[in-house]
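First comes the structure, then the notes that go with it.
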Amino acid sequence: MINRRKFIRASAFTGFASLFTKGAWSMDETGTVKGKPVVISTWDAGIRANNAAWEILGNGGRALDAVEKGVMQTESEQNCCVGLGANPDRDGFVTLDACIMDEFSNCGSVAFLERIKHPIAVARRVMEKTPHVMLVGSGAQQFAVAEGFPLEEQKLSPNAQKNYENWLKTSEYKPPAINVENLPVVQKGKQGHGPFAPYKLANGEWNHDTIGMVAMDTNGNFSGSCTTSGAGFKMRGRLGDSPVIGAGLFVDNEVGACTATGQGEDVIRVAGSHSVVELMRQGLSPEVACKKIIERIVKIKGAKAKEIQVAFLAVNKKGQVGAYSIHKGFEYAIRTNEMEKMVKAKSIMD
């Protein structure tokens, strides 16, 4: 006759096992969830990017294809900080950076790329068609044109032109202002506005600097992408973390994936995304791993940490998602079979 303790233990095991038998998903011997895709991306633009990615993930497609298509959506929008509609460098030119990484540790990157609409697609071509990881500047553009990407007109968007003219009045370069929470949302439907956009700057402008996306597909495989125009009014030739594998993005199919947003120089200092993944390898949850690296940056920066924003966003092989930032104001978009929403990340300050 079974005793009460054994009955409770057996019931608990049956309940746990039912998680993997009632639905079309399972967990393999490494603890990797299969059959439950998830995509996460930085900032409110991530809602639209995730929707584009879900056209692939939701139909059982590969995470690599999803993260490329997802951020291409953002590159196509007239956004202040991603794509050809973004703010220029201090010389008036828009330069773009992007990287991509798949489940086999293949990776590709482009940086200081001009007049190409979809740098993320060029980064994938670098990964798949060259022996290199990164191409920059005129070499990256030459490769893109050879691969059939058209050269776009070199002309600032109306918003970027206005922002540039305002900047020229002082020509002062400083870290991007930190997004502020819960200011009024106006003009629903404009870029950065609407029900998924609770953050903006004190002057009413939006300042989301990058879109980073990581995803796990139905086979439990990871990929990630990251694309940006970099800091507005930067010195010509400046690169941040977004095109740097291990800084702005890192994928390890045995562990998970991470992407970063914020002050790129300080993400590079700690090999941010790689460091988060390595902490997840040691058993930390995505949120705790992100928090540890944020704490490391704050320690390095000291009092100057008050002047910058950095955030990390990660997912592990169990499908757990987590994020952390220096200041309050970072949010991310998540989509699974069960939900689609924005999530406010925890922060060290504020």
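Counting just the residues of the range 67-87 that are over 19 Å from residue 53 (Cβ atoms) and of a type outside the set (S, T, N, Q), which one comes out modelled with the lowest pLDDT? My answer is 80.
Filtering the range 249-265 for residues that are surrounded by fewer than 18 Cβ atoms within 10 Å (Cβ to Cβ), within 25 Å of residue 227 (Cβ to Cβ) and in contact (Cβ under 8 Å) with a residue 24 or more places away in the chain leaves a non-empty set.
Would the range 111-134 turn up any residue that is within 14 Å of residue 243 (Cβ to Cβ) and of a type in the set (Ser, Thr, Tyr)? No: the range 111-134 contains no residue that is within 14 Å of residue 243 (Cβ to Cβ) and of a type in the set (Ser, Thr, Tyr).
When you scan the range 138-146, do you find a residue that is in a loop (DSSP other than H, G, I, E, B), surrounded by 12 or more Cβ atoms within 10 Å (Cβ to Cβ) and under 23 Å from the mean Cα position of the chain (by Cα), even just one? Among the residues of the range 138-146, not one is in a loop (DSSP other than H, G, I, E, B), surrounded by 12 or more Cβ atoms within 10 Å (Cβ to Cβ) and under 23 Å from the mean Cα position of the chain (by Cα), which makes the answer no. Picking from residues in the range 315-337 that are polar (S, T, N, Q) and closer than 14 Å to residue 289 by Cα, the one that is surrounded by the most Cβ atoms within 10 Å (Cβ to Cβ) is 325. Could you tell me whether the range 206-226 includes any residue that is in contact with a strand residue (DSSP E or B) (Cβ under 9 Å, 6 or more places away or on another chain), among the β-branched types (Val, Ile, Thr), crowded, with 24+ Cβ neighbours inside 10 Å and more than 15 Å from residue 42 (Cβ to Cβ)? No, the conditions are met nowhere in the range 206-226.
The values are calculated or read from the model by the stated rules, or taken from the named source; none is laboratory data. A quick note: this is a predicted structure, and the numbers were derived from the prediction, not measured. Virtual Cβ from ideal backbone geometry, glycine too; neighbours counted across all protein chains shown.
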